[in-house]
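> Submitted below is the structure of interest, expressed as structure tokens.
The values are calculated or read from the model by the stated rules, or taken from the named source; none is laboratory data. As the structure is a prediction and not an experimental result, all values here were calculated from the model. Note that we place each Cβ from the backbone using ideal geometry, even for glycine, and neighbour counts take in every protein chain shown. Ligands, DNA and RNA are stripped out before the accessible areas are found, and what is left, the full protein with its side chains, is counted by its heavy atoms. Shrake-Rupley method; radii C 1.70, N 1.55, O 1.52, S 1.80 Å.
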Amino acid sequence: MTTTDTQNRILDAAEHCVMEHGVANLTLDSVAARAGVSKGGLLYHYAGKYALVAALIARLTRAVDARMDAYRQADPSHGAGVRAYLLAALPPDLDSETVARREASLIAALGTRPEQVARYADRQRDWQAQIAADVADPLLAHIVRLAVDGIWMNEAFGIEPLDPVTRTAVIERLLTLTRETSLPAQGKD
């Protein structure tokens, strides 16, 4: 087994532990047991709980970045950035358990240390700049991002998440809105 395989097993185990017991009860012992490694083995890869939590958030943001890149490559038209964010944050092709685990890990990461909030805020600013870059109306990019983030947070916290039919309809409406209002900005081709 490779180092990457072991690290992924540990991160998967940490996500499960957060989902089952909450971040307050996340312990290195429980993660190690679930991952099938010794505590020393876990510490070899992650120096402690905060390093583990930082790795969870880093993995999540890398996954969102990769999905955004893939959606952007598949849709080179104007407004693709904002549509890529929408689909990457609320991926229709990932099972809801995987998404829920990753969301829980982000919530855990943000809740444990102020510097995690700052890092994620920086990442959000980067994403916002990317999605606003190719639309004629940058305000639309803010509206879509805030709508997407609201759906995401409601689902992550279990606060009246949308039923599947309504969720799909809202996403489709947002996609339609981005297509209708994504004409080239002044000075773009």
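> Being more than 27 Å from Arg123 (Cα to Cα), open to solvent by less than 60 Å² (accessible area, probe 1.4 Å) and not hydrophobic (A, V, I, L, M, F, W, C) narrows it down to one of Gly40, Gly22, Gly48, so name that one.
Only one candidate qualifies: Gly40.
> For region 153-168, how many residues are of a type in the set (A, V, I, L, M, F, W, C) and either at pLDDT 80 or above or more than 15 Å from Val99 (Cβ to Cβ) (or both)?
4
> May I pose another question? Residues in region 1-22 that are over 19 Å from Ile107 (Cβ atoms) and outside any helix (DSSP H, G or I): how many?
2
Condition check ((1) open to solvent by less than 10 Å² (accessible area, probe 1.4 Å); (2) within 16 Å of the chain's Cα centre (by Cα)) across all residues:
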position	(1), (2)
Arg9	no, no
Ala13	yes, no
Cys17	yes, no
Ala54	no, yes
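> Quick one: would you say Ala35 is modelled with pLDDT of 95 or more, surrounded by 15 or more Cβ atoms within 10 Å (Cβ to Cβ) and within 26 Å of Gly111 (Cβ to Cβ)?
Yes, satisfied.
> Quick one: in region 37-86, of everything that is of a type in the set (Phe, Trp, Tyr) and free of Cβ contacts under 8 Å to residues at least 24 places away in the same chain, which residue is farthest from Glu15 (Cα to Cα)?
Of everything passing the filter in region 37-86, Tyr71 is farthest from Glu15 (Cα to Cα).
> To continue, here is another question. Tell me whether region 94-112 contains one or more residues that are exposed (fewer than 13 other Cβ atoms within 10 Å of the Cβ), modelled with pLDDT under 80, more than 18 Å from Leu56 (Cα to Cα) and over 11 Å from the mean Cα position of the chain (by Cα).
yes
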